[in-house]
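Following: one structure in structure tokens, then a few remarks.
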Amino acid sequence: MYDPRMRQKALELLNEGRPVAEVNRRTGIPTTTLYNWRKNLSAQFERVLATCPRCHDRPVDEAAYSYLLGLYLGDGHIAHAPGHKGVFRLEIACGDVWPGLIDACADALAVVMPGLKIGRRASPGCTNVGAYSKHWPCLFPQHGPGMKHTRKIELVPWQRAIVDRRGREFIRGLIHSDGCRTTNRVRRTSNSGDRRHEYPRYFFTNASDDIRKLYTDSLDALGIAWRQNSARNISVARAEAVALLDGFVGPKY
Ligand SMILES: [Zn+2]
């Protein structure tokens, strides 16, 4: 009935304590409606925030979305919620050895889809962070039958645009799900004695050619050198490239 952006704007202004007349002037929403909204602001907020950025044209936090997309392409899946027609559950498997990543995942979900109840389901060695919504396929159109590596994975234009603007967060999400930062320690013996060298490296392993390509395209866009380590594994090993990744990824925690 009202432009969703204006509706959100109006609720924010009312929440700041602005007079109804001013909010009406700035949003065009009738004062009678504004008075009604002001009576139960928190319920109104919940209703607006639980809407879908795609279906309801609600602005999405691009940094959080890009990170979440990386996590989803790595270790996420979307399934029908049994017994609830049209409802889906998105789950992202997070290893229990990195509690910080479990929290980062839950935080990103809460920012992208505020108002949803975010659950943590334990399975051996990992915690599945997830939430129910009818709109997961809108946010992740890569959803489809079968495993991700058995089908074509392509970003749709609006996702492409976000990943282009938020490549660092996308790479961070991919590495947090299917990558790691390791340190190779090498000892060399020479006449002058033993010398130890440490080589930090990043690895990313995914069975999908398309997802690996999304990863390496994003690295290319940021000028980060990589090489194909084995059929499914991409390594970033050059010191300056590792330093660039350290600037926005770092070790898992
Ligand atoms: Zn939707």
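Some notes on this structure:
- Taking other Cβ atoms within 10 Å as a rough exposure proxy, H143, H197, H149 sort from fewest to most as H197, H149, H143.
- Prolate/oblate/rounded label for the chain (Cα gyration tensor, a/c 1.5): prolate
- Most mobile of T216, T33, T182 in a GNM of the chain (Cα contacts under 10 Å): T33
- Computed lengthening from R121 to V186, 0.36 nm per intervening residue step minus Cα-Cα distance: 19.4 nm
- Taking each of K85/K213; K39/K117; K85/K148 in turn, the alpha-carbon distance tops 31 angstrom for K85/K213.
- This ranking places H56, H80 by how few other beta-carbon atoms lie within 10 Å of each, fewest first, which gives H80, H56.
- Counted charge near I175, where neighbours are those whose Cβ lies closer than 13 Å (Asp, Glu -1; Lys, Arg +1): +2
- Evaluated with a Cβ-only charge set (Lys, Arg +1; Asp, Glu -1), the range 4-49 carries a dipole of roughly 120 debye about its Cα centre, given to the nearest 20.
- Theoretical FRET efficiency, 1/(1+(r/R0)^6), r = Cβ-Cβ of S42 and D107, R0 22 Å, to 0.05: 0.60
- Size of the range 4-49 as Cα extents on the principal axes (Å, biggest first): 24, 20, 18
- Gain on full stretching of the segment that runs from R232 to C55 - 0.36 nm per residue minus C-alpha separation: 60.2 nm
- Gyration tensor (alpha-carbon) shape descriptor, the range 59-105, a/c threshold 1.5: oblate
- Anchor K152: aspartates and glutamates whose Cα lies under 18 Å away (excluding residues fewer than 8 positions away in-chain): D75, D209, D210, D217
- Shape of the range 128-167, Cα gyration tensor, a/c cut at 1.5: oblate
- Only DSSP H runs of four or more residues enter the estimate; each adds -39500 (n - 2.57), and after division by the residues of the chain the mean residue ellipticity at 222 nm equals -13000 deg cm²/dmol.
- Net lengthening on full extension, K9/V156 (0.36 nm per residue, minus Cα-Cα): 50.1 nm
- Where N is the number of residues in the range 113-253, Cα Rg divided by 2.2 N^0.38 Å: 1.28
- Pair A239, Y132: separation of 7 Å Cα→Cβ label points (nm): 5.5
- Residues W226, W136 arranged by fewest to most Cβ contacts within 10 Å: W226, W136
Computed from the coordinates by the stated procedures, all read-outs in this text should not be read as laboratory data. The structure presented is a predicted model; accordingly, all values stated were derived computationally and were not measured. Note: ideal-geometry Cβ built from the backbone for every residue, glycine included; neighbour counts use all protein chains shown.
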